[in-house]
Amino acid sequence: SDLAAESVLRFEPVAYEAGRQMRDEIAEGLTVCGDGERLRQLLGILLDNGIKYAPEGSFVQLTLRQQERQAVLTVENGGEPIPPEHLPHLFERFYRADASRSDHGSSGLGLSIAQAIAHDHGGAIRAESDARSTRFVVTLPLKR
């Protein structure tokens, strides 16, 4: 929970400069076991992508909640939906859903790194997209 709140604070100026709003809804006291720096990197990748691909004037929302014995982290941004046929490939190295997503100055490695970090911590990551928003959902086992 603390790492998620810290990451939102770290990215608020970035979002502001890009003309986006940061929102968060973070459950208190959630703890996972793992490498804090790598988890910070995972959060940074997802927040950075959310800010890059959200239209100006829209939002980026980070939500952290508990679901059974897992922490569920969601980073959501408004904007054009990602076509369903592209969603399974987003975590492949260098994959681009379309040409308009390749002009943001990134290497195309972020989501594959995020997936590796989630897996290394016993978790999973998935992408969802619809007319309302695009969401990246990470599930990690909670510390017992």
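The values are calculated or read from the model by the stated rules, or taken from the named source; none is laboratory data. Just so it is clear, the model here is predicted, and its values are computed rather than measured. Glycine gets a Cβ as well: all are built from the backbone with ideal geometry, and neighbour counts include every protein chain shown. Heavy atoms of the whole protein, side chains included, go into the accessibility calculation; ligands, DNA and RNA do not. Shrake-Rupley method; radii C 1.70, N 1.55, O 1.52, S 1.80 Å.
Here's a check for you: in the stretch 61-93, which residue that is of a type in the set (A, V, I, L, M) and assigned to a loop (DSSP other than H, G, I, E, B) is nearest to Gln21 (Cα to Cα)? Looking at the filtered set, the residue picked out is Ile82.
Here's the yes/no breakdown for (1) open to solvent by 20 Å² or more (accessible area, probe 1.4 Å); (2) polar (S, T, N, Q); (3) modelled with pLDDT of 95 or more:
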| position | (1), (2), (3) |
| --- | --- |
| Arg69 | yes, no, yes |
| Leu73 | no, no, yes |
| Glu80 | yes, no, no |
| His86 | yes, no, no |
| Ser107 | yes, yes, no |
| Glu128 | yes, no, yes |
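Find the residue count for the stretch 1-60, including only residues that are closer than 21 Å to Gly123 by Cα, open to solvent by less than 70 Å² (accessible area, probe 1.4 Å) and part of a strand (DSSP E or B). Of the residues in that region, 1 qualify. Contact map, the stretch 1-12: residues that are within 18 Å of Thr139 (Cα to Cα) paired with residues that are open to solvent by 40 Å² or more (accessible area, probe 1.4 Å) and in a helix (DSSP H, G or I), Cβ distance under 9 Å, separation 6+ or inter-chain. Pairs shown: Leu3/Arg40; Ser7/Arg40. Each residue in the stretch 22-38 was checked for being of a type outside the set (Asp, Glu) and under 16 Å from Arg144 (Cα atoms), and 6 pass.
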